[in-house]
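Data block below; observations after.
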Amino acid sequence: MSRFMMMTAFVAWAYASPINAQWNVARFEPARDLVYTNFGLDPAVNSTVGYGRAMRAGGLLVMPYIEASVAWGSLDLRDFRARAGAQGALFRWRDLRATANLAFVTRGTSNSNFNAWGIGADAGGTIGLYRKGWFAGGEFGYDKSILTRMTHTKEYRDHHYADAKDGWYLDNGAIKRLGLVGGVSVGRTELVLRAGIPRSQGGESLTAPAYVTFGLGIAY
């Protein structure tokens, strides 16, 4: 396996699940906590758990959050992704809101050929109608891998290329996404459904032509 193929494999895994926090900003209240889980096909089956807390920052009501994701199937915890970010509304007119979501991302994967760990950033947002009991709108996002550290395994060196060099790789690609998002709220419980189309940084179609995710959040 060439170094290019390994980087392609890492990038394919890294962007297999651009699931991130996306909740009803009309329900944000200072000091209100939210625990949540997301589950979806994107293009593999992935799951996420997270925690957020709404607060005021610079006159805006935002929800900083942390979350962690793993891919299902083999349930290998060496294939992981973690985020730390914040979501909030930047503009409001009656029930119409424009929101923004910015997160720092770290991700890693391990297999018989190489181990990789990387950092990146995910920026996105929504435009839609937000009420206490429901919301619906369009979403967009850009998930960028900035820096990746790759090390080759002994098996790879013994059977493929003995002189393979470990090292850091800069600018490993990105994924753009465009879709729809909506949710309903019953008491403390919030249900969110997202669906859309992902594309590579150059606009090419991915292995799975669409993503669909389901989220469940409990506020307290």
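The values are calculated or read from the model by the stated rules, or taken from the named source; none is laboratory data. Bear in mind that the values here come from a model prediction, so they are computed numbers and not experimental data. No Cβ is skipped: glycine too gets one built from the backbone with ideal geometry, and neighbour counts run over all protein chains shown.
Selection of region 135-162 for residues being without any contact (Cβ under 8 Å) to a residue 60 or more places away in the chain, in a strand (DSSP E or B) and over 23 Å from residue 107 (Cα atoms) yields 136, 137, 138.
Candidates in region 169-198 are the residues that are modelled with pLDDT under 90 and out of contact with any Pro (no Cβ under 9 Å at 6 or more places or on another chain); of these, the one that is nearest to residue 129 (Cα to Cα) is 174.
Residue by residue, here is whether (1) more than 29 Å from residue 195 (Cβ to Cβ); (2) surrounded by fewer than 15 Cβ atoms within 10 Å (Cβ to Cβ) holds:
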site: 90; (1), (2): no, yes
site: 103; (1), (2): no, no
site: 106; (1), (2): no, yes
site: 109; (1), (2): no, no
site: 124; (1), (2): no, no
site: 128; (1), (2): no, no
site: 141; (1), (2): no, no
site: 153; (1), (2): yes, no
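Sub-6 Å Cβ pairs linking a first residue in region 163-181 that is at positive phi to a second residue that is of a type outside the set (D, E, K, R) and not in a strand (DSSP E or B), at least 6 apart or interchain, are 173/11; 173/201, ordered by first then second residue. Figure legend. Inter-residue proximity from region 82-102: first residues modelled with pLDDT under 95, second residues of a type in the set (D, E, K, R), beta-carbon distance below 6 Å, spacing 6+ or different chains. Indicated pairs: 83/67.
Scanning region 162-208 for residues that are touching a Ser or Thr at 6+ places or on another chain (Cβ under 7 Å) and under 27 Å from residue 32 (Cβ atoms) returns 181, 194.
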